[in-house]
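Shown next, in structure tokens, is the structure this report addresses.
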Amino acid sequence: MVIRRALVVDDYPDTAEVLSALLQALGCETRFVLNGRDALAVAEEFDPDLVLVDLEMPDLDGFMLASALREHELRHRALIAVSGWGGINVKFRAYWAGFDDHVVKPVGIQQLRQIVAQSSL
């Protein structure tokens, strides 16, 4: 799979905008949303190859969002948890929810380049 479209889901606008801009610098067409409910609607319309999801959001947290996305059309898309939370328990919970990987914020351009490259395999 070649990563062409990426969706960023984070309830902090600055974080969402920066991740989106970095992905654009890597050649991706991007969209970002600030909550899980909007992510479901945009994912259906935008059909992203890669989805970066914050885990802690007020309306629909990242774990619930990942499960919902996996139940629908995004079964074969790269789904990455991006969170301030770290540790083995969070990684395990993220994988159990349907994420392909979990990275800890802050995420830089080199780490995003690696995510895009690995997701493209």
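Things worth noting here:
- Residue-normalised accessible area of the chain, given per residue in Å² at a 1.4 Å probe: 53 Å²
- Farthest towards the positive end of the charge dipole of the chain, among the residues 114, 3, 94, is the Cα of 114, using unit charges on the Cβ of Lys, Arg, Asp and Glu.
- Simple Cβ-charge dipole of the chain, Lys/Arg +1 and Asp/Glu -1, about Cα centre, in debye nearest 20: 460 debye
- For the set 95, 12, solvent exposure ranked by accessible area (probe 1.4 Å, protein chains only) runs largest to smallest as 12, 95.
- Rg ratio for the chain: its Cα radius of gyration over 2.2 N^0.38 Å, N being its residue count, equals 0.92.
- Exposure rank, largest accessible area first [52, 26; 1.4 Å]: 26, 52
- Highest mobility in the GNM of the chain, judged by mean-square fluctuation with C-alpha springs under 10 Å and restricted to 23, 55, 40, is found for 40.
- Residue 25-residue 4 pseudo-label distance in nm [points 7 Å out on the Cα-to-Cβ vector]: 2.4 nm
- Summing charges over all other residues whose Cβ lies under 11 Å from the Cβ of residue 58, with Lys and Arg as +1 and Asp and Glu as -1, gives -4.
- FRET E, pair residue 44, residue 110, Förster distance 25 Å, beta-carbon r, rounded to 0.05: 0.20
- For the range 22-78, the relative contact order works out to 34 percent when only alpha carbon pairs closer than 8 Å and six or more residues apart are counted.
- Theoretical ellipticity at 222 nm over the chain - DSSP helices of four or more residues, -39500 (n - 2.57) apiece, nearest 500: -14000 deg cm²/dmol
- The range 39-104: mean projected area of Cα convex hull, nm²: 3.9 nm²
- Taking the 1.4 Å solvent-accessible surface of the chain as the whole, the part contributed by carbon and sulfur is 54%.
- The gain in end-to-end length when the residue 117 to residue 61 segment is fully stretched comes to 17.5 nm, 0.36 nm per residue minus the alpha carbon separation.
- FRET efficiency for residue 76 and residue 12, using Cβ-Cβ distance with R0 set to 41 Å, rounded to 0.05: 0.90
- Each residue of the range 91-104 is assigned a 3J(HN,Hα), and the resulting list reads 4, 4, 4, 5, 4, 4, 6, x, 6, 7, 7, 9, 10, 9 Hz, derived from the Karplus form 6.51 cos²θ - 1.76 cosθ + 1.60 (θ = phi - 60°), x at Gly and Pro.
The values are calculated or read from the model by the stated rules, or taken from the named source; none is laboratory data. Just so it is clear, the model here is predicted, and its values are computed rather than measured. Counting neighbours? That spans all protein chains shown, and the Cβs are built from the backbone with ideal geometry, glycine included. Surface areas here come from the heavy atoms of the whole protein model, side chains and all, with no ligands, DNA or RNA. Shrake-Rupley method; radii C 1.70, N 1.55, O 1.52, S 1.80 Å.
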